[in-house]
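One structure is given here, and the rest of the page talks about it.
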Amino acid sequence: MSDLALPFESRYVPRKRLHDLYRRSIESPEGFWSEQARQLDWFKAWDKVLEWEPPFARWFAGGELNAAHICVDRHVKTWRRSKVAIYWEGEPGDVRVMSYSTLYGEVNRFAAMLKKLGVGKGDRVALYLPMVPELPVFMLACARIGAIHTVVFSGFSVQALADRINNVKAKMLITADGGFRRGKVLPLKATVDEALDQCPSIEHVVVVKRADIPVSMDAPRDVWLHEQLEAEMTFVPPEPVESNHPLYILFTSGTTGKPKGIVHSTGGYMVYNYCTYKWVFDIREESVYWCTADVGWVTGHSSIVYGPLAHGAAIVMYEGAPDYPSIDRWWHIIDRYGVSIFYTSPTAIRMFMGHGEKWPEKHDLSSLELLGSVGEPINPEAWLWFYKHIGQERCPIVDTWWQTETGGMMISPAPGIECVPLKPGSATLPLPGIEADVVDEAGNPAPPETRGHLVIRRPWPGMLLGIYGDPERYRSAYWSRFPGMFYTGDYAVKDREGYFWILGRADEVLKIAGHRIGTAELEDAAVSHPDITEAAVVSKADPVKGESIVLFVRLTEGANPSPELKKSLVDHMRRVIGPIATPEEVYFTAKLPKTRSGKIMRRVLKAVAENTPIGDLSTLEDEAAVEEVVKILQELRQAQAGAV
Ligand code: WTA
């Protein structure tokens, strides 16, 4: 755990400030958060800062605001009306630049169209779009009228899309004919057509023309966006919503097969993101902020749309693949738009590292001031490469730990308020208001340098309101493992200086190239193949993606292992979930190792996948018959050696 004290003090205020701020946030949370909340525009002040009926928190109860008003309307009343809000670049090289006043006009036009097609406050609207400017515009248009958006990552496929639409009973789906990815067109509308056979709640499908490919339009349900928008902008007043009116629902993976619809509030979420983007990124109206995540993940919601736009910054949005047409596409974009804050994933950094520094060296990266990393643990080697070759030893790196559930960044350096010495690989310290800790299996504080579970000991404004339609699952998933504490599902270590080192997931959730997916979802997809009766997924360490998927399957009677069957299974999983579900390795097995109660013993499978010793088998005795497990293990190793 190396210590790298970096010389960033000069630009920022002295260290004491975070300590003061942090102490105040913990000692007097209500005073602290109401002071923060007053920085946003409210139509009506809140009656109570926090109503806490564990485990349900309602922040700024009784207050009224509108997220689109905060992200757009507020700016058009100032000089920012004529400054850039969005620099967008399509993969083929087309560019669109939107000022705040253009964005304001578009959000109003889109909101008018949503209303015309029957969408109102509280209705759920699903967005299944590539990374085009219409995506943030639609999110803001929904927020403007009080409709709740649920963005489905466009890399998800038929079943994943249908499940998400059905879970929230979305009234409208917004999609595109297709999107560009690595020079090819992804036919999104065709996926939608297949999914919608199962989605009776959808009344209209609005289609954005992006790729200009032929699509089938099922009138009157399906309409083209450009045919529905009025040419003239009509002002649609932003709907004042109560602070705890849901702004959005975003699905994420947990330990069971069905993804969870995480519900975020409007007031708490906006206040928390407004603060954390200032503290962590020191974001200002003159910043050019580029987060490379897809809007389909929480990082994109907070870091492309609601955080930076609330501050009146310019965002950069890029549609396509990082290595298209060549591996320096991103460095070209930083150079072209003068990006000052660059936020990306460890997987991307490791990929670029593999291609060498000659690619970033071709471009002028001197506009960069601050770098960020998110989504998975960053190894010190990648951290240092990022620091040296992208930040050119000038820019601090903020390694930000957070989750879909937390709504915003939780543990991170905060150069906007103070500079702590950075340690490559550590997310450093909790942000103001966040009481994070590491506890042992019994919920007692773990000693320094000892691995334990990362927990949060009190509510914070960005915290999820719950799981859509399932308060019991919310309670059991997050608040029952350690009573009175929010369970994150991550392992962590605190060092002697109180720095947090996040070690990855403790539960059955994988992070494949930073994308979150549950083993149970993958297993459900595998067993929906007609030749598979049973499946088990574990992950294997991957030098670039962090983790990759290893799948063990038992075949139905009469089915035989073959390369064709393997291919058909992989194709099937990609079609059901999407390309992120692609297994790296597939093993056919006659039996899976199980405990006496029938639970699959993942540690045995993991030992096979990673080719490591199984360890002390006697510890398995309570769980299963040792000889049986040894036999299965041998068979699996043989299957691996002569893998089909
Ligand atoms: C992991 C992404 C280490 C962690 C914002 C968490 C991280 C999960 C970091 C949430 C980080 C996120 N260092 N691990 N800086 N940031 N993670 O919901 O395992 O897609 O629980 O949200 O990503 O993933 P999610």
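Taking all C-alpha pairs of region 309-368, those more than 12 Å from each other amount to 71 percent.
Hydrodynamic radius of region 489-548 by the Kirkwood approach over all distinct alpha-carbon pairs: 13.3 Å. Region 66-137 has equivalent-ellipsoid semi-axes of 22, 19, 9 Å, by the square roots of 5 times the alpha carbon gyration tensor eigenvalues, sorted largest first.
Here region 508-638 yields Rg over Rh of 0.96, to two decimals, using C-alpha coordinates and the Kirkwood radius.
Of the accessible area of region 382-440, with the probe set at 1.4 angstrom, what percent is carbon plus sulfur?
Working: 510 of 1030 Å².
On region 382-440, the fraction of accessible area on carbon and sulfur atoms equals 49 percent.
Accessible area per residue (1.4 Å probe, heavy atoms of protein chains only) ranks Thr344, Thr234 as Thr234, Thr344, with the largest value leading. The GluC sites (Glu not before Pro) of region 359-436 that meet both conditions, a loop assignment by DSSP and at most 11 other Cβ atoms within 10 Å of the site Cβ, are Glu393. Considering region 130-204, its Cα convex hull presents a mean projected area of 4.9 nm².
Using the alpha-carbon positions of region 241-289, Rg (one decimal) and Dmax (whole number) come out as 14.6, 44 Å. Based on protein heavy atoms only, the chain ends up with 37 Å² per residue of surface accessible to a 1.4 Å probe. What the Cα convex hull of the chain gives, in volume per residue, is 158 Å³. When the alpha-carbon atoms of region 153-278 are used, the pair Rg, Dmax equals 17.1, 48 angstrom. For the pair Thr533 and His332, a Förster radius of 35 Å applied to the C-beta separation gives a FRET efficiency near 0.10, rounded to the nearest 0.05.
Volume per residue, Å³, of the convex hull around the alpha-carbon atoms of region 370-489?
Dividing the Cα hull volume of region 370-489 by its residues yields 115 Å³.
Model label points for Ser597 and His19, set 7 angstrom from Cα along the Cα-to-Cβ axis, are 4.8 nm apart. Only protein atoms count toward the accessible area here, which uses a 1.4 Å probe; on region 320-367, the carbon and sulfur part of that area reaches 51 percent. Under 23 Å of direct C-alpha separation, and excluding same-chain neighbours fewer than eight residues apart, Lys594 reaches these lysines: Lys258, Lys540, Lys606, Lys631.
For the chain, give the share of DSSP beta bridges that are antiparallel, in percent and rounded to the nearest 5; count only bridges with both residues there. Given both bridge residues lie in the chain, the antiparallel proportion sits at roughly 60 percent. Its convex hull of Cα atoms gives region 278-416 a direction-averaged projected area, equal to a quarter of the hull surface, of 7.4 nm². Counting only Cα atoms, region 30-155 measures 50, 34, 29 Å along its principal axes, largest extent leading. Computing FRET efficiency as 1/(1 + (r/R0)^6) for Lys358 and Gln392, where r is the C-beta to C-beta distance and R0 is 22 Å, gives about 0.90. In this structure, Glu194 and Lys116 have a Cβ-Cβ separation that, at R0 = 25 Å, corresponds to a calculated FRET efficiency of about 0.35. Gain on full extension, evaluated as 0.36 nm per residue between Glu27 and Arg637 minus their Cα-Cα distance, stands at 214.0 nm. Mean silhouette area of region 254-350, derived from the convex hull of its C-alpha atoms and averaged over all directions, reads 7.8 nm².
With all pairs of separate Cα atoms included, region 457-507 yields a Kirkwood hydrodynamic radius of 12.6 Å.
If you take the alpha carbon atoms of region 94-171 and fit the smallest convex hull around them, that volume is 87 Å³ per residue. For region 448-511, the carbon plus sulfur part of the accessible surface works out to 48%, probe radius 1.4 Å. Counting heavy atoms of the protein chains alone, Arg181 has an accessible area of about 100 Å² for a 1.4 Å probe.
The values are calculated or read from the model by the stated rules, or taken from the named source; none is laboratory data. Model, not experiment: these values are computed from the prediction. Glycine also receives a Cβ, built like all others from the backbone with ideal geometry; neighbour counts cover every protein chain displayed. The accessibility values were calculated without ligands, DNA or RNA, using every heavy atom of the protein model including side chains. Shrake-Rupley method; radii C 1.70, N 1.55, O 1.52, S 1.80 Å.
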